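What follows is a single structure, written as structure tokens, with notes after it.
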Amino acid sequence: MESHLLTLLLVCLLPRTVYAQAGAPEGVLNCCEGDVLFLLDSSGSVSSYEHSRMLDFLSELLLPFSLGEDQVRIGLLQVGTKPRLEFGFDTYRTQSSLQAALKATKPLRGDTNTVQALKIAKDGVLRPGSADGARPGLPRVLVWLTDGVKPGDVIGPMAELRGEGVAVLVVSTGHSNYQVLRQVVSPPAENHLYFVDIDDMSIIVEDLRDAIIEIIRAEHMTVREVSSSAATLQWRPVLSGMRGYYEIRFSPILSGGTGNGGSGTGTSPSTGGSQYQRLVQSSDSNAIRLTGLTPDTVYTATLTPESNEQAFNTLSVTFTTQSEVQSPSVVTVSESGPTSVRVSWGPLQPEIVTSYYIEYSALPTGKLQTATVDKRQNSTLLKNLQTDTTYLVTVSARHSSGKEKAMSVKVCTQEVTPALADLQLTTVDSHSVQVDWRGSFDGLKGYWLTWEGEERVAQRSSLYLPPNSQSTRLTNLPPSARVCVSPIYKTARGEGLCCTAKFASDASTYGFQS
């Protein structure tokens, strides 16, 4: 009888052992996206045996999850006199490496300094965007495993974490104060607070795992690659490893309308009775391309994972198709020079555009000029333009449907700013020079003279002269004064010339000629 009873016990226990080692529960792989930090009490009040049992519990709890940058990330923070982050969220991205790390973790001992550990968690590990911290925009979970012996005043720090959006769950293996822990966890307490004997922790594995999944389940669908007639829906493959399929329904958002009731179509009450299309994808799919859409139309799409093994929520998304006649939607100017400018446009639509037609003329009444470019070309250089002139440029896309779309922009050519041709200084006396230059140009607005001594403390002086000036006399100059003359135009200063004054007993002439 005893032998028969032992056989029955082995039969009951063996499947759980094999199950934990061989694979994951169906529906957990690829289910979630979030960062989960475990706060593990490994102070002196926790025996080596209890610490080992807690790590075994974590190993079984985490085994099914898919780890990675776009899935679940795990961190472990141990509590002792000096709390220590055993590993952060970016450390382990495979189950084999995570399981090995858990197996190799040693207790810290010492006091139960939970308050300091929570400070480390709040200011670093669980802070979104910090170095090696949590990912912005994704769920964050703190799971505290404690024996309940003198954890310190944790109510305040835990409240701060919850206030910042962190979900808090607690597993107590000792005689903790129920009222305190009830205040610590995120509501509802019946789903997030667990009291269990150290030898019976395995009985809460599935319940705790389901509670974590409920928080970090990645239930969202995105739309990408939207064009005038198509769009791609993408979702997380929550049915991976399960029997089932995905049902996709999509339709334009209209008021009224009825469907024909044929295969693959129907009417949707959520869209005012408008006709919808129905598609089915296999359980290992994570995307589908919707085609045959109407341009410039608002659509709604729903995704329903169907499985007899587990219930999933229906996901929905709304998007708007692009206008068939879209290009050009932006026209820009670059490489502007005195006689040329480069005009660019986009987006390119070579599948529906036959060519681009460019018209440009000087404002207000310049001669109209035109150019035609290939449908795969998104810019052209307009040459032989007038300097310092405003042009109106119009880019038109000729579509294969016969429609056209045009966009105009004003562009300006740059002003010509010739450099000063010649500069000469003639010494008059020991502190004065005669300054002569050459530089009579179209559009000239005047000249800017500056001079300063060679000493660092010497003050810089300047003088503006009208455009008809060709010379001036500077007096009371400091020794070895440097004199510069620059031509001034409407929009910019031209390149100038500089000379250094040389004072001598006899007058002399010197200068710089370009």
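With the largest listed first and rounded to whole Å, the semi-axes of the equivalent ellipsoid of region 380-509 from the Cα gyration tensor are 49, 14, 10.
Given the convex hull of the Cα atoms of region 330-412, what is a quarter of its surface area in nm²? Intermediate results must be reported in sequence, preceding the final value.
Details: hull surface 20.1 nm².
With the hull built on Cα positions only, its mean projection is 5.0 nm².
Rounded to the nearest 20 debye, the dipole magnitude of the chain is 1580 debye, with +1 charges on Lys and Arg beta carbons, -1 on Asp and Glu beta carbons, and the Cα centre as origin.
Among the trypsin sites (Lys or Arg not before Pro) in region 270-372, those located in a DSSP loop and surrounded by at most 11 other Cβ atoms within 10 Å of their own Cβ are K367.
For region 18-146, what class follows from the C-alpha gyration tensor (a ≥ b ≥ c being the square roots of its eigenvalues): rounded when a/c is under 1.5, otherwise prolate if a/b is larger than b/c, else oblate? List each step's numbers first, then the result.
Values: a/c = 2.25, a/b = 1.17, b/c = 1.93.
Verdict is oblate for region 18-146.
With the simple spin-label model, which puts each label point 7 Å out from Cα in the Cβ direction, the E69 to T365 separation comes to 6.3 nm. Rg/Rh for the chain stands at 1.25; both radii use Cα atoms, and Rh follows the Kirkwood definition. For the pair T389 and V428, a Förster radius of 56 Å applied to the C-beta separation gives a FRET efficiency near 0.80, rounded to the nearest 0.05.
Across the chain, the relative contact order, built from alpha-carbon pairs under 8 Å that are at least six residues apart, equals 8 percent.
Could you work out the relative contact order of region 330-412, using alpha carbon pairs under 8 angstrom and six or more residues apart, expressed as a whole percent? Taking the mean separation of contacting Cα pairs over the length of region 330-412, I get 34 percent. What percent do you get for the relative contact order of region 24-216 when only Cα pairs under 8 Å and 6+ apart count? Relative contact order for region 24-216 comes out at 23 percent. With the highest mean first, a sort of the peptides 42-55, 93-106 on other beta-carbon atoms found within 10 angstrom per residue produces 42-55, 93-106.
Fully extended, how many nm does the chain gain between E335 and R162 (0.36 nm per residue separation, minus their Cα-Cα distance)?
On the way: separation 173, 0.36 × 173 = 62.28 nm, distance 5.43 nm.
The span from E335 to R162 would gain 56.9 nm if fully extended.
Provide the FRET efficiency to the nearest 0.05 for the E190-K82 pair, computing r from the beta carbons and using R0 = 45 Å. My answer for the efficiency is 0.85.
Taking amide H positions as modeled 1.01 Å from N, with prolines and chain starts lacking one, no residue 5 or more places away or on another chain lies under 5 Å from F89. If you take all other residues with their beta carbon under 14 Å from the beta carbon of F250, and give Lys and Arg +1 and Asp and Glu -1, the sum is +2. Applying a length cut-off of 24 Å (Cα extent along the axis) and a mean Kyte-Doolittle floor of 0.5 to the DSSP H helices of the chain leaves 2-22. When the helices of the chain are scored as -39500 (n - 2.57) per DSSP H run of n ≥ 4 and the total is divided over every residue, the value at 222 nm lands at -5000 deg cm²/dmol. Loop-resident GluC sites (Glu not before Pro) (DSSP state other than H, G, I, E or B) in region 156-209 with no more than 16 further Cβ atoms inside 10 Å of their Cβ: E164. Please work out the FRET efficiency for the pair N177 and E247, using the Cβ-Cβ distance as r and a Förster radius of 60 Å; give the result to the nearest 0.05. In this case the efficiency is close to 0.80. List the lysines whose alpha-carbon lies under 20 Å from that of K383, not counting same-chain residues fewer than 8 positions away? Cross-link targets: K367, K410. Across region 107-116, coupling constants 3J(HN,Hα) worked out from phi with the 6.51/-1.76/1.60 Karplus curve, θ = phi - 60°, read x, 8, 6, x, 6, 8, 8, 5, 4, 5 Hz, and Gly and Pro carry x.
Rule-based calculations on the coordinates, nothing more; no lab input. Everything numeric in this text was worked out from a predicted model, so none of it was measured. Using ideal geometry, Cβ is built from the backbone for each residue, glycine included, and neighbour counts are taken over all protein chains shown.
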